[in-house]
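One structure is given below, encoded as structure tokens.
The values are calculated or read from the model by the stated rules, or taken from the named source; none is laboratory data. What you see is a predicted model; the values in this text were computed from it and never measured. Cβ: placed from backbone, ideal geometry, glycine included. Neighbour counts: every protein chain shown. Heavy atoms of the whole protein, side chains included, go into the accessibility calculation; ligands, DNA and RNA do not. Shrake-Rupley method; radii C 1.70, N 1.55, O 1.52, S 1.80 Å.
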Amino acid sequence: MSSVTQIRNLSNRRVTLPTDRSGSPQSSQSLDLKQPIDLDVGFDQYVFSCVLLHVLEEIAADVATATEATGLSRAELRNVLNRSVPATVMQAFGLEKVREAEPGVEEELLRDLLLAHARQGDPTSACFAKIIARRALRHDHLWLELGLSDRSELSLLLAIHFPTLAAGNTNHMRWKKYLYRMLCEAEGFSLCTAPSCRECKEYESCFIPEQRETPGCATGLN
């Protein structure tokens, strides 16, 4: 059985979002973010599996090494792999050959923003902060760059591990745009010249309703 198949088997299940009284999935904005979200750690495992499957795809395509793709150090990545994949899969990530992940200034700013809102004392939240900051530098939608099935899974991940940050996105702004907007506000400037979001010609590209899409991790090798 190939490494990709083994990881895909770990992530080959649908993550069920909490539902409201009508039975409809709740978005991160409708969850009670003042209270810890009681979800099985299996959701974290699912996300790690999706990310690692995406990482294997980039390694196979010679796009990035495992540390370059995740933003994690070798020790951090080895810890994630030990918890997330069978021992037979470890070799596929080539940790013995890769350099340590060195974040640039932009990535460090994103890390700091996420860590400022991370769950206190939770090493998994800190790990996701580094992964999200690195994947946010890529060009596609953030949920796609994490290998997730749709935006609502990213919303849930952020609501669980970065609750105060997620709670601030009350208008369903796309997450990557929202993160960079938060950075701009923290630095005291704005990249947008529109007087308000509603008057901006790019409004539709910034805001989108929560929606479910195809089941399972979004990426993988065929």
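Take Glu96 and decide whether it is in a helix (DSSP H, G or I), of a type in the set (D, E, K, R) and open to solvent by 80 Å² or more (accessible area, probe 1.4 Å). So Glu96 passes the test.
Checked against (1) open to solvent by less than 40 Å² (accessible area, probe 1.4 Å); (2) part of a helix (DSSP H, G or I), Ala118 passes all but a single condition, namely (2).
Residues that are over 17 Å from Tyr178 (Cβ atoms) and of a type in the set (Ser, Thr, Tyr) within the range 113-164 comprise Thr124, Ser125, Ser149, listed in sequence order. Screening Ser152 against (1) farther than 18 Å from Ala129 by Cβ; (2) open to solvent by 50 Å² or more (accessible area, probe 1.4 Å); (3) in a helix (DSSP H, G or I); (4) not hydrophobic (A, V, I, L, M, F, W, C) leaves a single unmet condition, (2). Checked against the criterion of being part of a loop (DSSP other than H, G, I, E, B) and open to solvent by less than 30 Å² (accessible area, probe 1.4 Å), the range 129-137 has at least one qualifying residue. Of Val55, Val63, Val105, all but one fail to be touching a helix residue (DSSP H, G or I) at 6+ places or on another chain (Cβ under 7 Å) and not hydroxyl-bearing (Ser, Thr, Tyr); the exception is Val55. Pairs are defined by a Cβ separation below 6 Å, a sequence spacing of at least 6 or placement on different chains, a first member in the range 145-165 that is more than 14 Å from His117 (Cβ to Cβ) and without any contact (Cβ under 8 Å) to a residue 24 or more places away in the chain, and a second member that is in a loop (DSSP other than H, G, I, E, B) and open to solvent by less than 10 Å² (accessible area, probe 1.4 Å); the pairs so defined are Leu154/Leu148.
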